[in-house]
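What follows is calculated from the coordinates using simple rules that are stated; it is not laboratory data. Owing to the predicted nature of the structure, the values given are computational and were not obtained by experimental measurement. As a convention, Cβ positions derive from the backbone with ideal geometry for all residues, glycine included, and neighbour counts pool all protein chains shown.
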Amino acid sequence: MKAVKPSAKPKSVVQSVKPKSVVQSAKPKSVVIAGGAGFIGSHLCDALLADGHKVICVDNFLSGARANVAPLDNHPRFTLIEHDICEPLRLSEPVDEIYNLACAASPPRYQADPVHTMLTSVVGTEGLLELAERHGAKFLQASTSEVYGDPEQHPQREDYLGHVSCTGPRACYDEGKRAAETLCFDFRRAGRVDVRVARIFNTYGPRMRPDDGRIVSNLVVQALTGEPLTIYGSGEQTRSFCYVSDLVRGLRALMAVEPGPDGPVNLGNPGEFTINELAALVIEQTGGVSPIHRAPLPVDDPRRRRPDIERARRLLGWTPSVPLEEGLGETIAWFAQVTGTRRASMKRLARA
Ligand code: UDP
């Protein structure tokens, strides 16, 4: 574990989604965010700091990016610790809440080192639960819609037990996250930690890595750079896309609600799109002219996915508010900035 020194030049491009103050709290808290330099984690850091809390960001930079948190380097309530959660973590200061978002989440990234992916979810989560127990901290686990595997129930409700291969290439992530949920609820049943489990559905927005490998980042970067858009399989498989600011608001509401729900809570946007529809929207919004390149469907790729968010609505009063068209516009603008490209439609406007 090592504390990270401020970098010389924070990049301004990482500042793009304005954190909204959504969860008011009387007393500032000390909050650990494991995976805090990642795509979702860094937005959560911003939101908590904006509301006056102290943030201890823990990241091994496997999939997180230093640039995501570089603008926070000199923030008086922000600490960055470079650390892999598979190793024990000891903190001398008080901790009120722990969010565990530490794990590579895109299929190519989590499959690149599958054993480490599984250990991050199992050993890493267990270590952070023990940290929460020592500090009497509340604990939120970032679980995933992947626990439903290739679902036979549609939309997916939290009581659906899933249809998951325990031996396929996605198992390191799916089964790792399922085991992490098991650990959370065993700690809860034993009265050791106040846990909350969010099952996060496909989330997108600024600060996804351009080389992340997931569908939104791939299509947007390809469209902006004039590369062919890669569509795996027929493109008729579906996903439901949640904008990152909605997701962060949901995570915070789940951490805040009392008492903690006695089961997992889906967080996602129920708007469901085929991959072909998403590609068409990306082409329309970028003004790009890229051709489509069809590639084989990856093994165990889920055919459809849509959250039932009734539980989140009822328990948290949470519902996502950013439609795909709007969130995609923000995302495209951000990727255009980081890749140094401009939307064709913007270029046309500039020439006019
Ligand atoms: N996909 C695609 N082209 C890409 C990346 C992904 O067609 O360049 C497909 C992938 O096969 C899946 C869907 O898009 O059906 C969503 O993939 P992603 O990797 O974003 O996340 P998943 O929901 O599968 O974990």
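The residue of the range 74-92 that is farthest from the ligand (Cβ to nearest atom), among those that are closer than 13 Å to residue 53 by Cβ and not hydroxyl-bearing (Ser, Thr, Tyr), is 76. Across the range 163-200, the number of residues qualifying as part of a helix (DSSP H, G or I) and either under 16 Å from residue 111 (Cβ atoms) or within 22 Å of the chain's Cα centre (by Cα) (or both) comes to 15. It is to be established whether one or more residues within the range 154-162 are in a helix (DSSP H, G or I), under 20 Å from the mean Cα position of the chain (by Cα) and surrounded by 16 or more Cβ atoms within 10 Å (Cβ to Cβ). Checked against the condition, which is being in a helix (DSSP H, G or I), under 20 Å from the mean Cα position of the chain (by Cα) and surrounded by 16 or more Cβ atoms within 10 Å (Cβ to Cβ), the range 154-162 yields no hits at all.
Just checking, does the range 202-217 include any residue being touching a residue at least 60 places away in the same chain (Cβ under 8 Å) and either more than 21 Å from the chain's Cα centre (by Cα) or under 26 Å from residue 138 (Cα atoms) (or both)? Yes: the range 202-217 contains one or more residues that are touching a residue at least 60 places away in the same chain (Cβ under 8 Å) and either more than 21 Å from the chain's Cα centre (by Cα) or under 26 Å from residue 138 (Cα atoms) (or both). When residue 141 is tested against (1) assigned to a strand (DSSP E or B); (2) within 16 Å of the ligand (Cβ to nearest atom), exactly one condition is not met: (2). Checking each residue of the range 254-268 against the condition of being within 16 Å of the ligand (Cβ to nearest atom) and out of contact with any Lys or Arg (no Cβ under 6 Å at 6 or more places or on another chain) gives at least one match.
Just to verify a result, which residue in the range 285-314, among those that are in a helix (DSSP H, G or I), within 21 Å of the chain's Cα centre (by Cα) and not basic (Lys, Arg), is surrounded by the fewest Cβ atoms within 10 Å (Cβ to Cβ)? The extreme case among them is 310. For the range 177-229, a tally of residues being farther than 21 Å from residue 252 by Cβ and within 11 Å of the ligand (Cβ to nearest atom) returns 14. One residue alone among 278, 251 is surrounded by 15 or more Cβ atoms within 10 Å (Cβ to Cβ), among the aliphatic types (A, V, I, L, M) and near the ligand (Cβ under 10 Å from one of its atoms), and that residue is 278. Just one residue in the set 181, 258 is surrounded by fewer than 19 Cβ atoms within 10 Å (Cβ to Cβ), of a type outside the set (S, T, N, Q) and within 21 Å of residue 32 (Cα to Cα); that residue is 258. Counting only strands (runs of 3 or more DSSP E) that sit wholly inside the range 34-135, those with at least 2 residues that are more than 19 Å from the chain's Cα centre (by Cα) are 78-82. Close Cβ contacts (under 9 Å, 6 or more residues apart or on different chains) running from residues in the range 297-322 that are over 23 Å from residue 197 (Cα atoms) to residues that are among the polar types (S, T, N, Q) and surrounded by fewer than 16 Cβ atoms within 10 Å (Cβ to Cβ) comprise 297/234; 299/165; 300/165. In the range 230-243, of all residues being within 10 Å of the ligand (Cβ to nearest atom) and under 23 Å from residue 342 (Cα atoms), the one that is surrounded by the fewest Cβ atoms within 10 Å (Cβ to Cβ) corresponds to 230.
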